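See below for the structure under consideration.
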Amino acid sequence: MNLVTAYHASAPTQVDFAATVEGPPHFFYGRRSHAEHESFWVRSAAGPIEVIDNVNLAPPIAVRRGDSVEVAGVMVHDPGHIPRVHWTHHDPSGRHPGGFIRWRGRLYA
């Protein structure tokens, strides 16, 4: 499914897209996994998206406003919020398609 269609859909969808970082990451602990995550907003061709990455599985990324990134993961929708993309890392259990963030030529997965 293309990014614009996924952006306006309601079901979780695997996506891969290019975007521009809108601001620095912030860090938090996941409610379910209790693992450390980072979150940053990007501007894509479809609109703004929050990117969430589990930094216990993939290293943190020192992105800055204006940086270009490629993101692959699962887009999810929460009413009242902009779409989010998570699963931007490998699955250590091998049951879920792996995602990634590519920044400055380096792959974070």
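Observations on the structure shown:
- Those residues of the stretch 42-59 which are part of a loop (DSSP other than H, G, I, E, B) and over 16 Å from Leu3 (Cβ atoms), in sequence order: Val55, Asn56, Leu57, Ala58, Pro59
- Residue pairs meeting the criteria (Cβ under 8 Å; at least 6 apart or on separate chains; first among the β-branched types (Val, Ile, Thr), in the stretch 2-17; second loosely packed, with under 13 Cβ neighbours inside 10 Å and part of a loop (DSSP other than H, G, I, E, B)): Val4/Ala45; Thr13/Met1; Val15/Met1
- Sole exception among (1) closer than 14 Å to Thr88 by Cα; (2) under 13 Å from the mean Cα position of the chain (by Cα) for Ser44, by number: (1)
- Pairing residues of the stretch 21-33 that are free of Cβ contacts under 8 Å to residues at least 12 places away in the same chain and of a type in the set (Lys, Arg) with residues that are exposed (fewer than 11 other Cβ atoms within 10 Å of the Cβ) and part of a loop (DSSP other than H, G, I, E, B), at Cβ distances under 9 Å and at least 6 apart in sequence or on separate chains, gives no pairs at all.
- Scanning the stretch 73-109 for residues that are modelled with pLDDT of 90 or more and among the polar types (S, T, N, Q) gives a single hit, Thr88.
- Of everything in the stretch 40-49 that is surrounded by 17 or more Cβ atoms within 10 Å (Cβ to Cβ) and in contact with a Ser or Thr (Cβ under 9 Å, 6 or more places away or on another chain), the residue that is nearest to His86 (Cα to Cα) is Val42.
- Among residues of the stretch 24-41, those that are of a type outside the set (S, T, N, Q) and either closer than 10 Å to Pro60 by Cβ or in a strand (DSSP E or B) (or both), counted: 10
- Test: residue in the stretch 37-56 that is touching a His at 6+ places or on another chain (Cβ under 8 Å) and over 24 Å from Arg104 (Cβ atoms): no
- For Ala58, the requirement of being more than 11 Å from the chain's Cα centre (by Cα), surrounded by 13 or more Cβ atoms within 10 Å (Cβ to Cβ) and modelled with pLDDT under 95 is met.
- Among the residues making up the stretch 60-98, those that are of a type outside the set (A, V, I, L, M, F, W, C), under 17 Å from Ala46 (Cβ atoms), in a loop (DSSP other than H, G, I, E, B) and touching a residue at least 12 places away in the same chain (Cβ under 8 Å) are His77, His81, Pro83, Thr88.
- The stretch 4-39, residues that are modelled with pLDDT under 95, surrounded by 14 or more Cβ atoms within 10 Å (Cβ to Cβ) and small (Gly, Ala, Ser): Ala6
The values are calculated or read from the model by the stated rules, or taken from the named source; none is laboratory data. Note that the structure is predicted; figures quoted are calculated from it, not measured. Using ideal geometry, Cβ is built from the backbone for each residue, glycine included, and neighbour counts are taken over all protein chains shown.
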